[in-house]
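The values are calculated or read from the model by the stated rules, or taken from the named source; none is laboratory data. Note that this is a predicted model, so its numbers are computed, not measured. For neighbour counting, all protein chains shown are included, and Cβ atoms are generated from backbone atoms with ideal geometry for every residue, glycine included.
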Amino acid sequence: MVTFKTKVMTIKYRLIKVWDTLRYDLPRFIKNIWSFRKGLWQFRSYDPHGIYVMNNIGLINIADHIEKYGYEVDESRLKKIEKMRRAAQLYKNFMEDNFIEQAEAELGELMIHPWEFVPCADNPGNFELKDKESPEERAHNTAVFTRSKAIEEAQWNELWDILRGQDYSKFDKDKEFYKQFDGTGLRGWWN
């Protein structure tokens, strides 16, 4: 049997839920739309770029919030913030696809010549692209592209290592936790 008190409590509960939605959830939703507008705008169902943008924004926001308002001890909090910012930087590298520039910074710039078309000897009226690269330039450019791919792969692995975090079961029980903890692990990044 439903009592008057039960009906009143049900109505109060529903009013509280409506109040919470209007007071907290709706403003948070609007703020999130504004914060993630760039990622939402750039999101495509065939390309991960929008996901990189949203993850980058999310990591920067949580790092800023924990840095400013975090109540965790500095020994672990600052390590987490450092790893969040590193993960955000790695996402930014993938957004900008700047791995060739990173390889050029290490090995020197690519040696690129302007295109030159010459008449085709065996096909009159057609043109062919003249190859101006010397063997040394070709070897250098190949080294830059190879290094670029290696940098991209290393940063992809580093990003997932940061997000995955450490295996705490491998920690030495006799050593202090903070000396072994490196700040990685997305599941532990909360305030």
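Kindly provide the set of residues from region 91-106 that are within 17 Å of Ala143 (Cα to Cα), surrounded by 15 or more Cβ atoms within 10 Å (Cβ to Cβ) and among the aliphatic types (A, V, I, L, M), ordered by number.
Within region 91-106, Ile100, Ala103 meet the criteria.
Listed here are the residues, each with its yes/no results for (1) assigned by TED's automatic domain parsing to the domain that holds Glu153; (2) farther than 25 Å from Tyr52 by Cα; (3) within 17 Å of the chain's Cα centre (by Cα); (4) not in a loop (DSSP other than H, G, I, E, B).
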position	(1), (2), (3), (4)
Lys79	yes, no, no, yes
Gln89	yes, no, yes, yes
Lys92	yes, no, yes, yes
Ile100	yes, no, no, yes
Ile112	yes, yes, no, no
Ala121	yes, yes, no, no
Pro124	yes, yes, no, no
Glu128	yes, yes, no, yes
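Determine whether Arg37 is of a type in the set (Lys, Arg), touching a Leu at 6+ places or on another chain (Cβ under 9 Å) and at negative phi.
In short, no.
Please indicate, with yes or no, whether at least one residue in region 100-114 is modelled with pLDDT under 95, farther than 29 Å from Asn61 by Cβ and touching a strand residue (DSSP E or B) at 6+ places or on another chain (Cβ under 7 Å).
No, the conditions are met nowhere in region 100-114.
Given the options Val2, Val8, name the one that is part of a loop (DSSP other than H, G, I, E, B) and farther than 19 Å from Leu159 by Cβ.
Unique residue meeting the criteria: Val2.
Any idea which of (1) in contact (Cβ under 8 Å) with a residue 40 or more places away in the chain; (2) within 13 Å of the chain's Cα centre (by Cα) is the one Tyr69 doesn't satisfy?
Against the list (1) in contact (Cβ under 8 Å) with a residue 40 or more places away in the chain; (2) within 13 Å of the chain's Cα centre (by Cα), Tyr69 comes up short only on (2).
Can Glu106 be described as within 22 Å of the chain's Cα centre (by Cα) and part of a helix (DSSP H, G or I)?
no
Test Gly58 against the criterion of being under 24 Å from the mean Cα position of the chain (by Cα), surrounded by 15 or more Cβ atoms within 10 Å (Cβ to Cβ), modelled with pLDDT under 95 and not hydroxyl-bearing (Ser, Thr, Tyr), and give yes or no.
No: the conditions fail for Gly58.
Conditions tested, residue by residue: (1) out of contact with any Phe, Trp or Tyr (no Cβ under 7 Å at 6 or more places or on another chain); (2) in a loop (DSSP other than H, G, I, E, B); (3) outside the structural domain of Glu75 (by TED's automatic domain parsing); (4) crowded, with 17+ Cβ neighbours inside 10 Å.
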{"residue": "Glu137", "(1), (2), (3), (4)": "yes, no, no, no"}
{"residue": "Ala143", "(1), (2), (3), (4)": "yes, no, no, no"}
{"residue": "Ser148", "(1), (2), (3), (4)": "no, no, no, yes"}
{"residue": "Glu158", "(1), (2), (3), (4)": "yes, no, no, no"}
{"residue": "Lys173", "(1), (2), (3), (4)": "yes, yes, yes, no"}
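Quick check: is even one residue across region 31-51 surrounded by 15 or more Cβ atoms within 10 Å (Cβ to Cβ), in contact with a strand residue (DSSP E or B) (Cβ under 9 Å, 6 or more places away or on another chain) and either at pLDDT 90 or above or not β-branched (Val, Ile, Thr) (or both)?
yes
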